[in-house]
1. Give me the net charge for the shell around Leu217: Cβ to Cβ below 12 angstrom, other residues only, Lys and Arg +1, Asp and Glu -1.
2. Would you kindly state how much longer the chain becomes between Arg54 and Val195 on full extension, computed as 0.36 nm times their sequence separation minus their alpha carbon distance, in nm to one decimal?
3. Among (1) 29, 23, 16; (2) 38, 22, 16; (3) 25, 22, 16, only one was calculated for this model; which label is it, if the read-out is semi-axes √(5λ) of the Cα gyration tensor in Å?
4. Nearest 10 degrees is fine. How inclined is helix 205-214 to the longest principal axis of the chain, computing both from alpha carbons?
5. Using only the alpha carbon atoms of segment 20-78, find the Kirkwood hydrodynamic radius as the inverse mean reciprocal pair distance, in angstroms to one decimal.
6. Angle check, please: helix 68-77 long axis (alpha carbons) against the longest principal axis of the chain (alpha carbons), in degrees 0 to 90, nearest 10.
7. To the nearest 20 Debye, how big is the dipole of the chain about its Cα centre, given +1 on the beta carbon of each Lys and Arg and -1 on that of each Asp and Glu?
8. From largest accessible area down, sort Phe6, Phe27; use a 1.4 Å probe on the protein chains.
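The values are calculated or read from the model by the stated rules, or taken from the named source; none is laboratory data. Source: prediction; values computed, not measured. Using ideal geometry, Cβ is built from the backbone for each residue, glycine included, and neighbour counts are taken over all protein chains shown. Only protein heavy atoms, including side chains, enter the accessible area calculation; ligands, DNA and RNA are left aside. Shrake-Rupley method; radii C 1.70, N 1.55, O 1.52, S 1.80 Å.
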Amino acid sequence: MVDRSFADLPLAAWYDRLHPWGPGDDFCLDLVMSARAVLDVGCGTGRLLSGARRAGHTGRLMGIDPAAAMLVQARRREPSVEWALGDLRTLEWRGEFDLVVMTGHAFQVLVHDEELGLALAAVRAALAAGGRFVFETRNPAALAWETWTPDRERRLTDPDGGVVRVWHEVETAPVTDRVTFTETFEGECWPHPQVSRSTLRFLDEDALTGFLTGAGLTVVERYGDWDRSPLAPASPEIITVARPTR
């Protein structure tokens, strides 16, 4: 099921303001620009592929997302990109892409072993020989969820000048490798707070490698942050580049 903050059109419209373009987008844009055909899984509002098209990418750019509200924005942003509603379990490709990316920690919404295995198998099938799969997850050792507290709220201004407050709160303490939390939007544009509930999976380096290997993918690069620094215990991210196993 798609989280409400992505499925609800008024809430989805806040996504890019809550998550502005940053170093991770720059990292992925460089990879996209060097690839002939690119599949962006969980493309959201489409800013990565739209940015690539505006930067002069002339090849095939394909974005897929299960949230229709996010794709509304993607299609408005850049109609020349292929946008598809769905996920890796509903659509399939065979060796069509030089690069498959999952950005915005989209990989972490795959919380069950079966769905993760199916998704990775689909990525492997979509990659051309020598293609690359690039994604990032939050490093569980960094305990990012400990900062998801109401006192760290964000305040944004809507088009009419009203203030919208957004905050996160962990609903359940981490169970195994999963964390459930809420994202709350409050402002004069809504009669009452709008709450979206999410569960994310925090896999460590060894677990990620195991799932990738099982799907026929081999890790060729791994970083702890977008500056390509080595993965360390305190690194905020686990950034992985994998290729089909020969």
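1. Overall, the nearby charge balance is +4.
2. Net length gain for the segment: 47.3 nm.
3. Read-out from the structure maps to (1).
4. Approximately 50 degrees, to the nearest 10.
5. 11.4 Å
6. 80 degrees
7. So the magnitude is around 800 debye.
8. Phe6, Phe27
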